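The values are calculated or read from the model by the stated rules, or taken from the named source; none is laboratory data. These figures come from a predicted structure and were not determined experimentally. Every residue, glycine as well, gets a Cβ built from its backbone with ideal geometry; the counts of neighbours run over all protein chains shown. Accessible surface is based on the protein model in full, side chains and every heavy atom, while ligands, DNA and RNA are left aside. Shrake-Rupley method; radii C 1.70, N 1.55, O 1.52, S 1.80 Å.
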Amino acid sequence: MPRACAYNERDAMAGNRQQKIRMVAGLGNPDPEYAETRHNAGFATIDELARRGHVTYWKNQSGAEVATVKVNDPDEPSGTREVLLVKPQSYMNTSGGPISKLCAANRIKPEELLVIHDELELNPGTVQIKIGGGHAGHNGLRSIIDKLGNRDFVRVRVGIGKPPGRMPGADYVLRRLKGRDLEEFQDAVMRAADACEIALAQGAEQALKRVGGTRGQGGKR
């Protein structure tokens, strides 16, 4: 049985009037050579949330690796609610397929979905919340918006900065990190996991206030 994450019950009560997050999906690429690359910030954050939630079992469902954690929720009879942790296995550019299938199967609304992704437009190490909005050229987000037909989901954006000089973007985001770059990436992942915990306990609005970020245009694509 999954163990309840140690989120503060008082924090959960502060956000109980908002739409609660029921699924957290991290974006990345599944093959081992993509581990510890900037593009896999979402996967790395999901792994950290799984570690904090004492996850011991993953299942393959709808083209994704899926685990369940429990978060404290005084509105539920059991005092906790289940949240899905998701790592799509269809590669970044087609992430929307597995995510939309899981949302449909579990009756999860777009506003109950939180997506973690790398963000070129933020300085390396910066973590921000965004509620709704477009894809801004991010192919993983583009796929999710296309498949859901909706952009109201919450995002945790992990800043990776722009490629130096004339380095191609693909080389930059897929290059294996080491040394100080890896340490900076790992630190950002920890803070992204912290941001996710705030959103789970207090709701996206409180996470936006506490972590910082922006509100994008919601609604249909």
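Checking the structure you have, find out if any residue of the stretch 147-155 is assigned to a helix (DSSP H, G or I), more than 15 Å from the chain's Cα centre (by Cα) and of a type in the set (S, T, N, Q). Spell out the reasoning first.
Initial filter on the stretch 147-155 (assigned to a helix (DSSP H, G or I)): 147-148.
Now drop any that are not more than 15 Å from the chain's Cα centre (by Cα), which leaves 147-148.
If we keep only those that are of a type in the set (S, T, N, Q) as well, we get none.
Checked the stretch 147-155: no residue is assigned to a helix (DSSP H, G or I), more than 15 Å from the chain's Cα centre (by Cα) and of a type in the set (S, T, N, Q).
Being closer than 19 Å to Gly216 by Cα, touching a Gly at 6+ places or on another chain (Cβ under 7 Å) and not aromatic (Phe, Trp, Tyr) is true for just one of Gly159, Gly125, Gly149, Gly137. Which residue is that? Show your work before the answer.
On the way: Gly125 fails: closer than 19 Å to Gly216 by Cα; Gly149 fails: touching a Gly at 6+ places or on another chain (Cβ under 7 Å); Gly137 fails: touching a Gly at 6+ places or on another chain (Cβ under 7 Å).
Among Gly159, Gly125, Gly149, Gly137, only Gly159 is closer than 19 Å to Gly216 by Cα, touching a Gly at 6+ places or on another chain (Cβ under 7 Å) and not aromatic (Phe, Trp, Tyr).
Looking only at strands (runs of 3 or more DSSP E) that fall completely inside the stretch 43-130, which ones have 1 or more residues that are within 30 Å of Pro163 (Cβ to Cβ) and not hydroxyl-bearing (Ser, Thr, Tyr)? Working first, answer last.
Values: elements: 59-61, 64-72, 80-88, 113-119.
By residue number, 64-72, 80-88, 113-119.
Just wondering, is there one or more residues in the stretch 108-127 that are open to solvent by 10 Å² or more (accessible area, probe 1.4 Å), modelled with pLDDT of 95 or more, over 26 Å from Glu36 (Cα atoms) and out of contact with any strand residue (DSSP E or B) (no Cβ under 8 Å at 6 or more places or on another chain)?
yes
Residue by residue, here is whether (1) without any contact (Cβ under 8 Å) to a residue 40 or more places away in the chain; (2) open to solvent by 30 Å² or more (accessible area, probe 1.4 Å); (3) touching a strand residue (DSSP E or B) at 6+ places or on another chain (Cβ under 9 Å); (4) farther than 17 Å from His117 by Cβ holds:
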| residue | (1), (2), (3), (4) |
| --- | --- |
| Arg175 | no, yes, yes, yes |
| Ala204 | no, no, yes, no |
| Val211 | no, yes, yes, no |
| Gln217 | no, yes, no, yes |
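Pick from the stretch 85-107 the residues that are of a type in the set (A, V, I, L, M) and surrounded by fewer than 21 Cβ atoms within 10 Å (Cβ to Cβ): which of them is farthest from Lys130 (Cα to Cα)? Outline the logic, then answer.
As a first pass, look at the stretch 85-107 and keep what is of a type in the set (A, V, I, L, M): 85-86, 92, 99, 102, 104-105.
Cutting the leftovers down to surrounded by fewer than 21 Cβ atoms within 10 Å (Cβ to Cβ) gives us 104-105.
Details: Ala104: 23, Ala105: 25 Å.
Per the stated criteria, the residue is Ala105.
Mind counting the residues in the stretch 35-84 that are open to solvent by 50 Å² or more (accessible area, probe 1.4 Å) and among the β-branched types (Val, Ile, Thr)?
Qualifying residue count for the region: 1.
Six or more apart or on different chains, Cβ atoms under 9 Å: show the pairs whose first residue is in the stretch 31-52 and small (Gly, Ala, Ser) and at pLDDT 95 or above and whose second is open to solvent by 50 Å² or more (accessible area, probe 1.4 Å) and in a helix (DSSP H, G or I).
Ala44/Gln186
Within the stretch 112-120, is even one residue without any contact (Cβ under 8 Å) to a residue 60 or more places away in the chain, among the hydrophobic types (A, V, I, L, M, F, W, C) and closer than 24 Å to Met190 by Cβ?
Residues of the stretch 112-120 without any contact (Cβ under 8 Å) to a residue 60 or more places away in the chain: 119-120.
Now restrict to residues that are among the hydrophobic types (A, V, I, L, M, F, W, C): 120.
Narrowing the set further to residues that are closer than 24 Å to Met190 by Cβ leaves 120.
The answer is yes; a qualifying residue exists.
Considering the stretch 134-150 alone, what residues qualify as being buried (at least 17 other Cβ atoms within 10 Å of the Cβ), modelled with pLDDT under 95 and either among the charged types (D, E, K, R) or on the phi > 0 side of the Ramachandran plot (or both)?
Once the filter is applied, which keeps residues that are buried (at least 17 other Cβ atoms within 10 Å of the Cβ), modelled with pLDDT under 95 and either among the charged types (D, E, K, R) or on the phi > 0 side of the Ramachandran plot (or both), the stretch 134-150 yields nothing.
Within the stretch 151-173, work out how many residues are surrounded by fewer than 17 Cβ atoms within 10 Å (Cβ to Cβ), aliphatic (A, V, I, L, M) and under 21 Å from Thr126 (Cβ atoms).
Result for the stretch 151-173: 1.
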